[in-house]
Amino acid sequence: MMTKLAAADGHQFECWIEPAVGNRRGGIVILQEIFGITDQLKGVARRYAQLGYEIAIPALFDRKQPGAVIPFDQALRGRDMMLASDLSETMADVEAAVDHLKANGGKVAVIGFCWGGGLAIRAAQKLEIGGAVAFYGTRLPQYLDRPLKAPVLGHFGTTDDHVPPEMLEQAKAYLPELEVHMYEAGHAFANDARPAYVPEAADLAHARTEAFATGALGYGQAGRAAARLLAIRSLQSSIE
């Protein structure tokens, strides 16, 4: 369901909330690509809600165009809106979403895709969160100005022209704690509504993310062991 949140500067914006299924294990803020709160992203929210996490997806374009959802075949339009966004204002909206989930109890993690992947790294540098996951996070150089305060897991494609090898190596050198996994794929390989989708890579990246979230949100040794087993099984199935 869509709700309204307010950032610290008074800006009000829409935020998609997906309630946790079963016992609530904590919260996860999911950060958009350059397309807004798409139906595909709501599907990702349902996936993690099924694991017991309450999900929030803040509408990060609301400061420029309230309610904007950009078709996947209009990437240039989404890119322009992203470039026009102010980083400090965007992070204020992310923080408001984090605080909303914190108010309901438990720790909060941040998962971001594309533009949101880079923002997830920024969240791990500035906000009080349990951890962050960056799916093919872009614009990495602008985040190489301060250390991480929380663990970060990164998923990147070997043929991603948005994140060339030298850019990723620079980020790894500046943020040595960054845990990076590489996949035989290009950009947006985890978006099942786009031609770049690579099911095997996406499944493995999500399995690793589930294991990471279990540890980052402190769900106990038994839960962490189960999540690690899930990641191992996913890896085995991708090899077979």
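The values are calculated or read from the model by the stated rules, or taken from the named source; none is laboratory data. The model shown is predicted, which means the values in this text are computed figures rather than measured ones. Counting neighbours? That spans all protein chains shown, and the Cβs are built from the backbone with ideal geometry, glycine included. Just the protein is used for accessible areas: all its heavy atoms, side chains included, with ligands, DNA and RNA removed. Shrake-Rupley method; radii C 1.70, N 1.55, O 1.52, S 1.80 Å.
Some points to look at:
- Backbone N under 15 Å from the ARG46 label point (7 Å along Cα→Cβ), restricted to the stretch 54-98: 55
- Rounded to the nearest whole Hz, the Karplus-based 3J(HN,Hα) values (6.51 cos²θ - 1.76 cosθ + 1.60, θ = phi - 60°) of the stretch 135-141 follow the sequence 8, 6, x, 9, 6, 4, x, with x at glycine and proline.
- If R0 equals 41 Å, the separation of the Cβ atoms of MET182 and ALA84 corresponds to a calculated FRET efficiency of about 0.85.
- Simple spin-label estimate for LYS149 and ASN104 gives 2.3 nm between the two label positions (7 Å along the Cα-to-Cβ direction from each Cα).
- Here the chain is assigned +1 on the Cβ of each Lys and Arg and -1 on the Cβ of each Asp and Glu. Its dipole about the Cα centre then comes out at about 640 debye.
- Estimated from helices alone, the mean residue ellipticity of the chain at 222 nm is -13000 deg cm²/dmol (sum of -39500 (n - 2.57) over DSSP H runs with n ≥ 4, per residue).
- Sites LYS172 and GLU128, calculated FRET efficiency, Cβ-Cβ separation with R0 22 Å, nearest 0.05: 0.35
- Using a probe radius of 1.4 angstrom, the carbon and sulfur fraction of the accessible surface of the stretch 79-160 is 50%.
- Helices that extend 24 Å or more along their long axis by alpha-carbon positions and average at least 1.6 on the Kyte-Doolittle scale are absent among the DSSP H runs of the chain.
- Förster radius 30 Å - calculated FRET efficiency between ARG77 and TYR197, Cβ distance, rounded to 0.05: 0.90
- When you work out D = kT/(6 pi eta Rh) for the chain at 4 °C and 1.567 mPa s, using the Kirkwood radius from C-alpha pairs as Rh and the Stokes-Einstein form, the result is 73 µm²/s.
- For LYS42, the lysines whose Cα falls under 18 Å of its own Cα, not counting residues fewer than eight places away in the same chain, are LYS4.
- The stretch 78-147 and the stretch 24-73: distance between their alpha carbon centers, rounded to Å: 13 Å
- Long-range HN-HN contacts of VAL69 with modeled amide H, under 5 Å: none
- A 1.4 Å probe run over the protein chains yields, for the stretch 110-187, 38 Å² of accessible area per residue, whole-number rounding.
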